[in-house]
Protein chains: 2
Amino acid sequence: MAKAGITTRDKDYSQWYLDIVDQADLAENSGVRGCMVIKPHGYAIWELIRDALDQRIKETGHVNAYFPLLIPKSYLMKEAEHIEGFAPEVAEVTRAGGEELAEPLVIRPTSETIIGATYAKWIRSWRDLPVLINQWANVMRWEMRTRPFLRTAEFLWQEGHTAHATEEEAEQETLKILHDVYADVVENVMAIPVYRGLKTERERFAGAVRTYSIEAMMQDGKALQAGTSHNLGQNFAHSFEIKYQTSDNREEYCWTTSWGASTRLIGALIMAHSDDDGLVLPPKVAPLQVVLVPIFKTDEERSMVLEAVARLTAGWKGRFRFKIDDRDNLSMGFKANEWEVKGVPVRVEIGPKDLQKGTVAVSRRDRPGREGKTFIEQAGLDEHIEGLLDEMQQALYDRALAFQRVHTFEAADYDEFKQKVEQGFVRVYFDGNGDDEDRIKAETKATVRVLPFDQAEEAGRCFFTGRQTQRIAIFARSY
Amino acid sequence: MAKAGITTRDKDYSQWYLDIVDQADLAENSGVRGCMVIKPHGYAIWELIRDALDQRIKETGHVNAYFPLLIPKSYLMKEAEHIEGFAPEVAEVTRAGGEELAEPLVIRPTSETIIGATYAKWIRSWRDLPVLINQWANVMRWEMRTRPFLRTAEFLWQEGHTAHATEEEAEQETLKILHDVYADVVENVMAIPVYRGLKTERERFAGAVRTYSIEAMMQDGKALQAGTSHNLGQNFAHSFEIKYQTSDNREEYCWTTSWGASTRLIGALIMAHSDDDGLVLPPKVAPLQVVLVPIFKTDEERSMVLEAVARLTAGWKGRFRFKIDDRDNLSMGFKANEWEVKGVPVRVEIGPKDLQKGTVAVSRRDRPGREGKTFIEQAGLDEHIEGLLDEMQQALYDRALAFQRVHTFEAADYDEFKQKVEQGFVRVYFDGNGDDEDRIKAETKATVRVLPFDQAEEAGRCFFTGRQTQRIAIFARSY
């Protein structure tokens, strides 16, 4: 029962994703290779995600600031691993104001270097620490293959950059962001359960000592990295001379962290919840939570119904994000379809017959077709919708969690692993090294997503090497 | 009685401005020519201004979206006046992903061109109109002389871009933004009175038919353009083929507008209100509105005073933006100075003696020294502060308005004009042409800031040409 313009997930999952982005009016390609236009509906979702992140970033003691878009190329060269990771994909400004620049400037692919250079000037004493700063910014990575939200040359994100007096504090910060900011927003606002854990050396950020990540499962069983938090140790502090004087007058290098979440999250949102009828949005990140569609034929019916709608919604401002769809050139069916495709959680229809009965028809987006439609008394409609939005938020999370559990497999050996990893995540004992990871990736396209925090209590047999080990890894193919 | 680190305004106004930016921790230069780091205190002010603008932009029916940072150079070439205005100051990306680009990409100096190319795809019928979109973004203009906030190579702003079916609608939109968004925020949130009006041809935006502006007066009598709104006529519609089908099936070009306000506004805020002791902020844009400084010597005093502070501020969350400054390594005088320099509107001091008397000492930032300090009963402190914040918001506006009035002069002839324009704005009859404006600018550095909306009812004698005219112009030197 798929909609016109939307390929079913069964038929072609990749095309389904692109169709949702297109049909729900979220984004489109621009005249610039790999750069998308984020359309108003897509951007409104981003504003809700951004606000949820920003609130938690501030509640955990951080402040926002803004650092330059352009970075002298020499800055990027200072941290060896970092430049190796990012040099191949930077965009370079070589001319400005009509003249060739003496030194090229790169558009920031991430800002550790320019912020590191700044912190080196700001930090003098242990009293200046910790420095807990976040910035909201656009960044640019010249990727070869791009897909809207998931991988684009330019994307929007927040990047936190902190400096601490001790290794322990930096590690605590890294974990606090992972749990209290990223996992909290993705699970409790976006309704997507995640696996949390440590990246292996192969997968960690260029220049980090440890990278932690939250990994969400998409409906095709692939992983999407939804936020990463890096303990940078003293690597960048050494490269940029970020030093401080201790309370007993010794000079020490700082311990720094960085962490980011981006417009990719919109890709995760789409692929975690949506169906063949279009976008499905958890109410907390739905720009419109309720749409009311008045039904009428005559002018007399029109004014009666619109009057009832005005009465019903009188107290809604500030309580729900809602819209009254009184466009009179479009059919009821067209409107219903449009709001379904765009993922509005609750659709309320009200016509002359409803006026007589004192009811309205309420459709919930997470249950397609007749199953999701019920007739509700007009009296108490607000409370009903309030309850329904809460229920849907929870139901979407529960559904995604059930899907994640059913599609997280075990595997006793590499053969079983190969079979299971086609269908979802595989949680296994693994004591292989980086070369083993490379081989598994080459043969199955799967990588270690995380070494989850909930490790095994007892040792077991590595599916790949056959050796006994206590280390558990979660593998998956990924976006 | 100037502070250490702050040059007085009398001595060197330019240096005073830079000292405030530096001492109040608002921004600093970065390692990239002309690009500033906006520090947390400066960025927090920007967040408040941004939120005030964003709220009004949405209330007037607009939605946010996001368009690419990079623009193909060929797009910029399509509108003749536009390219002439912006070509000399663009930064060009010529290499990306390790390869030379076939066509250079410019970092947006403004987005009329890429948005115009997008609207041409989006708009088909009169039913698609109006398109009312805003974006929050960074832009880049390679300026030769830069000053933090006032003129920087990269700056943050919002740019609105709308398309309409009729000329009249486009004109209404242009004026609505000027009055209901820009003037409202600058006057009622930032407490800076403005002159509103039309730009002359010499001063209008590259590619516009009409540019409207609000002009604020700084304490040195110079003007700062605080927001501009452009009626672009069909210029960009012709260049980018932005066409629509009318309800009677004719094909027409759209009428478009654009409008922007930027981090320059922080420069306006500094120069409108601050004094030789540091930053002065209207409460509505003060990241911290109240700071409480507990005073104590012994541990016993410390716990008694902090307990009282906790009790006094128990209901303040969500009511005031406040901070308790209980740093115990800094003197009372150091703290008072720091919060004064940073422009916190209200400072509350409370020590053991106050506990006995049931009072606190309240200092208001807009009245320096003893004049601004009063002793207030602890009971009812919240209401007192609430009233004080309102009063200060109004007092700062009134002071700026009085200053603006006193420093807006008339001039009967060019000699008088030359003398007055050294001291402030000059409001005169003016029927000169663009060449006359050029000559006046060359000789006095003053330009027509606006042809104000409140024009004269009767004709008068042009100060420059001596001819009779009804046209009134406001001239000033400007930032």
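Values computed for the structure shown
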| quantity | calculated |
| --- | --- |
| Residue match in region A:57-73 (condition: more than 11 Å from chain B (Cβ to nearest Cβ), under 21 Å from A:Gln289 (Cα atoms), in contact (Cβ under 8 Å) with a residue 12 or more places away in the chain and surrounded by fewer than 23 Cβ atoms within 10 Å (Cβ to Cβ)) | no |
| Of residues in region B:74-86 being buried (at least 17 other Cβ atoms within 10 Å of the Cβ) and of a type in the set (D, E, K, R), the one farthest from the other protein chains (Cβ to nearest Cβ) | B:Glu79 |
| Subset of region A:441-479 [in contact with a helix residue (DSSP H, G or I) (Cβ under 8 Å, 6 or more places away or on another chain), within 19 Å of A:Leu198 (Cα to Cα) and β-branched (Val, Ile, Thr)] | A:Thr447, A:Val448 |
| Selection status of A:Thr228, without any contact (Cβ under 8 Å) to a residue 24 or more places away in the chain and under 19 Å from A:Gln158 (Cβ atoms) | no |
| Residue within region B:145-152 that is over 27 Å from B:Tyr479 (Cβ atoms) and more than 9 Å from chain A (Cβ to nearest Cβ) present | no |
| Odd one out for A:Trp46 among (1) in contact with a Leu (Cβ under 8 Å, 6 or more places away or on another chain); (2) surrounded by fewer than 17 Cβ atoms within 10 Å (Cβ to Cβ); (3) not small (Gly, Ala, Ser) | (2) |
| Check on B:Arg95, outside the structural domain of B:Phe322 (by TED's automatic domain parsing), surrounded by fewer than 20 Cβ atoms within 10 Å (Cβ to Cβ), charged (D, E, K, R) and under 20 Å from the mean Cα position of the chain (by Cα) | no |
| Residue check, A:Thr94 of a type in the set (Ser, Thr, Tyr) and in contact (Cβ under 8 Å) with a residue 40 or more places away in the chain | no |
| Failed item, numbered, when A:Ile474 is tested on (1) touching a Ser or Thr at 6+ places or on another chain (Cβ under 9 Å); (2) surrounded by fewer than 18 Cβ atoms within 10 Å (Cβ to Cβ) | (2) |
| Enumeration of residues in region B:401-451 that are in contact (Cβ under 8 Å) with a residue 60 or more places away in the chain and more than 16 Å from B:Gln219 (Cβ to Cβ) | B:Gly434, B:Glu437, B:Asp438, B:Thr447, B:Val448, B:Arg449, B:Val450, B:Leu451 |
| Filter result for the condition that a residue is surrounded by 19 or more Cβ atoms within 10 Å (Cβ to Cβ), closer than 22 Å to A:Ala153 by Cα, more than 7 Å from chain B (Cβ to nearest Cβ) and touching a strand residue (DSSP E or B) at 6+ places or on another chain (Cβ under 9 Å), over A:Val37, A:Val21 | A:Val21 |
| Unmet requirement for B:Ile83, which otherwise passes all of (1) in a helix (DSSP H, G or I); (2) under 22 Å from the mean Cα position of the chain (by Cα) | (2) |
| Among (1) within 14 Å of another protein chain (Cβ to nearest Cβ); (2) out of contact with any Gly (no Cβ under 7 Å at 6 or more places or on another chain); (3) farther than 24 Å from A:Asp51 by Cα, the one test that A:Asn138 misses | (3) |
| Condition check for A:Gln394: in contact with a strand residue (DSSP E or B) (Cβ under 9 Å, 6 or more places away or on another chain) and surrounded by fewer than 18 Cβ atoms within 10 Å (Cβ to Cβ) | no |
| Test for B:Val406: is it more than 14 Å from chain A (Cβ to nearest Cβ) and surrounded by 16 or more Cβ atoms within 10 Å (Cβ to Cβ) | no |
| Test: residue in region B:253-267 that is in a loop (DSSP other than H, G, I, E, B) and at positive phi | no |
| Cβ pairs under 6 Å, 6+ apart, first in region A:314-337 and in contact (Cβ under 8 Å) with a residue 40 or more places away in the chain, second among the β-branched types (Val, Ile, Thr) and surrounded by 11 or more Cβ atoms within 10 Å (Cβ to Cβ) | A:Phe320/A:Val290; A:Lys335/A:Val293 |
| Subset tally (residues that are closer than 18 Å to B:Glu112 by Cα, surrounded by 19 or more Cβ atoms within 10 Å (Cβ to Cβ) and of a type outside the set (A, V, I, L, M, F, W, C)) for region B:152-171 | 7 |
| Residue ID - nearest to the chain's Cα centre (by Cα), chosen from residues in region B:440-455 that are farther than 21 Å from B:Ala183 by Cβ and surrounded by fewer than 14 Cβ atoms within 10 Å (Cβ to Cβ) | B:Lys445 |
| Within region B:115-125, considering residues that are more than 7 Å from chain A (Cβ to nearest Cβ) and buried (at least 19 other Cβ atoms within 10 Å of the Cβ), the one farthest from B:Gln158 (Cα to Cα) | B:Ile123 |
| Unmet requirement for A:Leu101, which otherwise passes all of (1) over 22 Å from A:Thr211 (Cα atoms); (2) outside any strand (DSSP E or B); (3) without any contact (Cβ under 8 Å) to a residue 12 or more places away in the chain | (2) |
| Selection within region A:342-378 - touching a strand residue (DSSP E or B) at 6+ places or on another chain (Cβ under 7 Å) and acidic (Asp, Glu) | A:Glu349, A:Asp354, A:Glu377 |
| Any hit, region A:95-102, residues being out of contact with any strand residue (DSSP E or B) (no Cβ under 8 Å at 6 or more places or on another chain), at pLDDT below 95, farther than 28 Å from A:His230 by Cα and within 7 Å of chain B (Cβ to nearest Cβ) | yes |
| Subset of region A:223-252 that is in contact with a helix residue (DSSP H, G or I) (Cβ under 6 Å, 6 or more places away or on another chain) and not in a strand (DSSP E or B) - its residue that is surrounded by the fewest Cβ atoms within 10 Å (Cβ to Cβ) | A:Ser247 |
| Selection count, region A:1-48, where residues are at pLDDT 95 or above, among the charged types (D, E, K, R) and either not assigned by TED's automatic domain parsing to the domain that holds A:Phe155 or not in a helix (DSSP H, G or I) (or both) | 7 |
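The values are calculated or read from the model by the stated rules, or taken from the named source; none is laboratory data. What you see is a predicted model; the values in this text were computed from it and never measured. Every residue, glycine among them, receives a Cβ derived from its backbone with ideal geometry; neighbour counts consider all protein chains shown.
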